[in-house]
1. Please go through the stretch 325-348 and give me each residue that is in contact with a Phe, Trp or Tyr (Cβ under 6 Å, 6 or more places away or on another chain) and among the hydrophobic types (A, V, I, L, M, F, W, C), ordered by number.
2. If you take the residues in the stretch 522-543 that are surrounded by fewer than 20 Cβ atoms within 10 Å (Cβ to Cβ) and near the ligand (Cβ under 10 Å from one of its atoms), which one is farthest from Met426 (Cα to Cα)?
3. May I ask you to verify whether Ile519 is away from the ligand (no atom under 13 Å from the Cβ), within 30 Å of Leu279 (Cβ to Cβ) and β-branched (Val, Ile, Thr)?
4. Return the pair list, or none, for Cβ contacts closer than 6 Å from residues in the stretch 519-546 that are closer than 17 Å to Asp506 by Cβ to residues that are near the ligand (Cβ under 9 Å from one of its atoms) and of a type in the set (A, V, I, L, M, F, W, C), at least 6 apart or on different chains.
5. Is it true that some residue in the stretch 568-585 is at pLDDT 90 or above, under 22 Å from Arg622 (Cβ atoms) and not in a strand (DSSP E or B)?
6. Mind checking which residues of the stretch 63-96 are buried (at least 16 other Cβ atoms within 10 Å of the Cβ) and free of Cβ contacts under 8 Å to residues at least 24 places away in the same chain?
7. Any residue in the stretch 391-407 that's among the charged types (D, E, K, R): show its pairings with residues that are assigned to a helix (DSSP H, G or I) and within 16 Å of the ligand (Cβ to nearest atom) at Cβ separation under 6 Å, as long as the two are six or more apart or on different chains.
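The values are calculated or read from the model by the stated rules, or taken from the named source; none is laboratory data. Keep in mind that what you see is a predicted model, and the values were worked out from it rather than measured. So basically every Cβ, Gly included, is an ideal-geometry build from the backbone, and we count neighbours across all protein chains shown.
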Amino acid sequence: MSNQIEHVLEETRFFEPPAAFASQAAIGTREEYDRLYKQSIDDPETFWGNVASELHWFKKWDRVRNAENRPFYKWFEGGKTNLSYNCVDRHLDSARKNKAAIIWEGEPGDQVILTYQELHQRVCLAANGLKKLGVKKGDRVAIYMPMIPELAIAMLACARIGAIHSIIFGGFSANAIVDRVQDADCTTIITADGGWRRGSVVDLKVAVDEAAPKCPTVKNVLVVKRTNTAVTMAEGRDHWWHEVMASVDANCPAEPLDAEDPLYILYTSGSTGKPKGILHSTGGYMVGTYVTSKYIFDLREEDTYWCTADIGWVTGHSYIVYGILANGATTVMYEGAPNQPGPDRFWQIVDKYKVNIFYTAPTAIRAFAKWGDQHPAKYDLSSLRLLGTVGEPINPEAWMWYHRNIGRERCPIVDTWWQTETGAIMITTLPGVMSAKPGSAGLPFFGVKPAIVSEEGEDVDAGHSGLLVVKEPWPSMLRTLYGDDARYKEVYWSKFEKQGWYLTGDGAFCDKNGYYMIIGRLDDVINVSGHRLGTMEIESALVSSPLVAEAAVVGFPHDLKGQGICAFVSVPTGMEVTEADKEKLREHVAHEIGAIAKPDQIRFTDSLPKTRSGKIMRRLLRDIAAGNETKQDTTTLEDFGILAKLREDAES
Ligand code: PRX
């Protein structure tokens, strides 16, 4: 990590916003940013009230911000609105009604384009379909779907009637579905027969069939026909989406909801225990995703915008669906893998739909760079005017590759720092105003008051790393962890309880211009390809195998994924293990959590190095996994023992 810090400190390249971009940008001068930022911090009521007024409210709020019961903040209290209405109906009384809301491309090359009017019709049908299955306001609906238009429609249908959706990434396993569905007592699961991924069908319905019987609260399963795969339909429980939609009325007015009515739950990994159900509410999340999309992506009426994330992650929630549609823009959705049928698929899509704004993850950029410059070079990418990245720190080399080969040195790049918990982008460079610095996220967005502090809460000087905190609440912040207020307080607010600061869990530092550079997680969370995985979860999955006595999982630097997963596994006494068992364990983790959590490396040992108090020496294991212990042969247990002892001796 220290190498990385030095490297970035040496980074002196700044890329000014292109003049042509700046002259047309929604925020086009630094003075304007400074003025609005100051207002958003000094007088959040006026700033956020103005932003919220750009959207539709059935009833105006009584109070913009209520901080009486910290950390249970409320925003736009007393206001009544509906996010589905703001994403769809709001655009029906203008020329936008016949504009493409969603341009979708399936992996096999099929295509669906839905105008705002068509989207409205489909969302109303789906909302009535859910009602027909007995779904009511406040009920939890799990969504386990491929990246097809019905996924966005299902979200908007839930939001329309006030049902709380909980989207489970389609790459997770049946066990992960069980945990999440049980935690939120979901009554309904929406899924599909399958989805296309790298030329094969992912059997989503099979996973739901395995999970649903273990979830007694689930009464109905709604199944979209996507791949025409043969599936079994449980009598009374399972219903075909198209049959239900054919039997309901097309008129479903959006329910006026309280600004603080919950919108969705999205599970994310923490350092301990089971995944945390991040709860977002309606009004604040709507305002936050709307305004960040508008200014950071500089969305314009004629823009075609494409975010390559999966909607199973927060990026897809906020910046494929809600924030983008709330602005009335056109959002592109692609179902499949970036290298199917060939490594040029993304550039083909950009060229075909004349995409203007492209938002992806550093891990994808590193893969593109590895696949070669010749793939994007074949395409006309001149429609692009803005690029973005999210999910993990971007290494300056990957940034430069993106700038040259995709942006063709014309497009600003916004590196956006945020989290599932924050709901919306918090730190970035506004593209028409601020110069970008490769590897650095940038400056705070409106209303965001970050700081870098020491463990004791002291401000840390520029150039020195510390804990990234946020000192004031913001509208799109999480409201709690579903069903667990105590854990919400503990995880995010207990460290700086007196000061009332939000703990992000990230380490970061600022340069002398105030640009934030994110170093990475400080807790036991690994960021694999921009996705958060808790080491605890993977360890629990491992120890549920009879081959494992104890397991310690750590991250290590990985060229493509950012971080890879290394599992140190001690086996029960007397058990002989072979190379083949490593693959068995990898499969076991895939079965328990999903393929994304498969360890890249498994190292068998007879015991794990521990401190005298019995704590696993993770720092030592991290060094070993990263190959930093070059002086020692670390492949055997004895060496672990020696290393551990050496380390203990050095520390005591
Ligand atoms: O460590 C930070 C990293 O991803 C974490 C949040 O992960 P998640 O909730 O899954 O949301 C990812 C998409 C918003 C953060 O705590 N992270 C996210 N964006 C960046 C980043 N690290 C550096 N630079 C970023 N732009």
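1. Hits for the stretch 325-348 are Ala326, Ala329, Val332, Met333, Trp347.
2. Per the criteria, the residue is Asp523.
3. Judged against the criteria, Ile519 is not a match.
4. Note: pairs meeting the criteria are Ile519/Ala508; Gly530/Ala361; Arg532/Val525; Gly534/Val525.
5. yes
6. Val64, Asn66
7. Glu392/Pro362
Rundown of residues vs (1) farther than 23 Å from Arg122 by Cα; (2) without any contact (Cβ under 8 Å) to a residue 40 or more places away in the chain; (3) touching a helix residue (DSSP H, G or I) at 6+ places or on another chain (Cβ under 7 Å), yes/no style:
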position: Gln182; (1), (2), (3): yes, yes, no
position: Arg226; (1), (2), (3): no, no, no
position: Trp241; (1), (2), (3): no, no, yes
position: Met245; (1), (2), (3): no, no, yes
